[in-house]
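The values are calculated or read from the model by the stated rules, or taken from the named source; none is laboratory data. Predicted, not measured: the structure shown is a model, and the values here were computed from it. Here the Cβ is made from the backbone with ideal geometry for all residues, glycine too, and neighbour counts use every protein chain on show.
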Amino acid sequence: MKTVKFGNHELSGTETRSLLGLRSTNFEIIKENGNIKFSVKGYGHGVGMSQTGADTLAKEGKTYEDIIKHFYVGVEIQDVNSL
């Protein structure tokens, strides 16, 4: 899920997952008999790179370096030949 709108607030899929304690950002919202149901697929452990998230960022034109730095804050990428 890229973004979810709750009233006047728009949250990212990651923010929604965290706020609601969902297993993954790969979910759909279903309205059923006056109730709201979150159907979650997969399991995101929250300690590494999300394959779905990385794929989405790549499709948005982000580079591999942008994607790695998105998931692993504070890292520095170096050419191993220059070490």
| task | Count, please, the residues in segment 44-83 that happen to be in a helix (DSSP H, G or I) and within 19 Å of R23 (Cα to Cα). | result | 7
| task | Check segment 20-35 and report whether any residue there is out of contact with any strand residue (DSSP E or B) (no Cβ under 9 Å at 6 or more places or on another chain), polar (S, T, N, Q) and not in a helix (DSSP H, G or I). | result | yes
| field | Number of positions in segment 24-83 that are modelled with pLDDT under 85 and of a type in the set (K, R) | value | 1
